[in-house]
Amino acid sequence: MNNRQLFSQHLGQTSEFPLSIEIDHAQGLYMYESGGKSYMDLISGIGVSSVGHRHPVVIAAIQEQTDKYLHLMVYGEFVEAPQVQLAKSLVDTLPSHLNNVFLVNSGSEATEGALKLAKRYTGKTKIVSCSNAYHGSTSGALSVCGDESLKQPFRPLLPETYRVRFGKQADLEIIDKDTAAVIIEPVQGEAGVRLADQAYFEALRKKCDEVGCLLIYDEVQCGVGRTGKFWAFEHYGVEPDILLTAKGVGGGMPIGAFISSKDIMHKLTHDPILGHISTFGGHPVSAAAANATVRFLSSSGLIDQAEAKGQLFKSLLVHPKIKEVRGKGLMLAMELESFDYLKKVIDHLIEIGYLTDWFLFCDNSMRIAPPLIIEEADIRKACQAILETLDQID
Ligand code: PMP
């Protein structure tokens, strides 16, 4: 059996119709099949490859770490240099109260840890989340997911989870003295890149403070430079109590984190002891890659360029069949008439060597989230391919 046959026979898959492309190697903005066909990556493995594929600083950090050690001990027992260096690099990008980093392996795990932490710290159980939000696939994370069709088959999930419309101040009254936390994406990803205004986040922060609940920002998708600031919440100047990161932070390696003040974090880790345990959390090789990624992004100027690059996409993607291009920085959604049409466009783009897709909860919009290293000439090339595709496909 060839790999494609083995894939369909023996590998658990995410969807009924996987893309089934077999990549031989990837570098920078491109992925290559063994026969030589290339794909310009316009989605970064869903917001992961922000520094591009196999960035030299990431590869060097991985190689250096593999020469020293892989796994030594369960997370948080030994002093492992890549983990503490990464924690410091992350803390350096954040407001001073966000000074304690719990490393995990993924976005879903970051959500799980944050929900447990909020419950422990507040002694309450009610969690408020947003419509069309995505926070992960594990049971706790699924409980705060904003789409009923994903949740329904797996009920019962966590009790006392409530959904509000994203960005609507009127809905904030559901946040009350029984609430442990509100979890929200500063820029919603799987909803199809949705933004809320500053007044909304200010009102949300005020309400959380009034009732004594924690505000959790899920920056798993929108963080680490994607929107043109290191953290998307910087656009609004409204700070969270707990911040989640994963995806792009690892530079292509699996890692995630939930970050809070040391005072808040102690409620989970010291009271009770062993409140949260992970064997592989912050794996040294992933942590080394993430530290290199964070340091590189903090100093490279790429984040500052993301807004102008996003604007270039917006200015070039003008066509009668495009309803809207929305988003911030290089986290964009291009809206077309229908899913059926979008599907044809995406299939054609893949055929001619451009990889895009749609969103979990917004199936008339195309995801455009390329590596931040994309350059002006690449953007022009990609937009031309998209516009020609729209001309050709009915
Ligand atoms: N939160 C957000 C905002 C996400 O976009 C995702 C993944 N799409 C997750 C959490 C879950 O991350 P993971 O798939 O790494 O568990």
Can you give me the convex hull volume of the Cα atoms of the chain, divided per residue and expressed in Å³?
150
Highest mean first, what order results for 180-189, 41-50 on Cβ atoms within 10 Å?
180-189, 41-50
Tally Lys/Arg at +1 and Asp/Glu at -1 over every other residue whose Cβ is under 10 Å from the Cβ of E185; what's the total?
-2
Mind giving me the nanometre distance, one decimal, between the label points for V318 and L387, set 7 Å out from Cα along Cα→Cβ?
0.9
Read phi for every residue in segment 331-338 and hand back ³J(HN,Hα) as whole Hz from Karplus 6.51 cos²θ - 1.76 cosθ + 1.60, θ = phi - 60°, with x for Gly and Pro.
10, 10, 10, 10, 8, 10, 5, 8
If you count, for each residue, the other Cβ atoms within 10 Å and average over each peptide, how do 343-352, 99-108 line up from highest to lowest?
99-108, 343-352
If one builds a Gaussian network model of the chain from Cα atoms under 10 Å apart, the most fluctuating residue listed among G52, G237, G251 is G237
With angles folded into 0 to 90 degrees, how steeply does helix 56-66 sit against the dominant principal axis of the chain? Use alpha carbons for both and round to 10.
50
Can you tell me the 0 to 90 degree angle between the C-alpha axis of helix 284-300 and the longest principal axis of the chain, rounded to 10?
70
Sort 366-379, 166-179, 82-95, 110-123 by the packing proxy (mean of other Cβ within 10 Å over each peptide's residues), most packed first.
110-123, 366-379, 82-95, 166-179
Whole-angstrom Cα spans of segment 73-182 along principal axes, big to small
44, 31, 25
On C-alpha positions alone, give me the angle between the axis of helix 376-392 and the longest principal axis of the chain, in degrees, nearest 10.
70
Segment 310-394: equivalent-ellipsoid semi-axes (sqrt of 5 x gyration tensor eigenvalues, Cα, Å)
18, 14, 12
Label point 7 Å out from F154 along Cα-to-Cβ: which residues of segment 242-285 have amide N under 12 Å?
none
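Bear in mind that the values in this text are calculations on the coordinates, not laboratory data. Just so it is clear, the model here is predicted, and its values are computed rather than measured. Please note: Cβ atoms are built from the backbone with ideal geometry, for glycine as well, and neighbour counts cover all protein chains shown.
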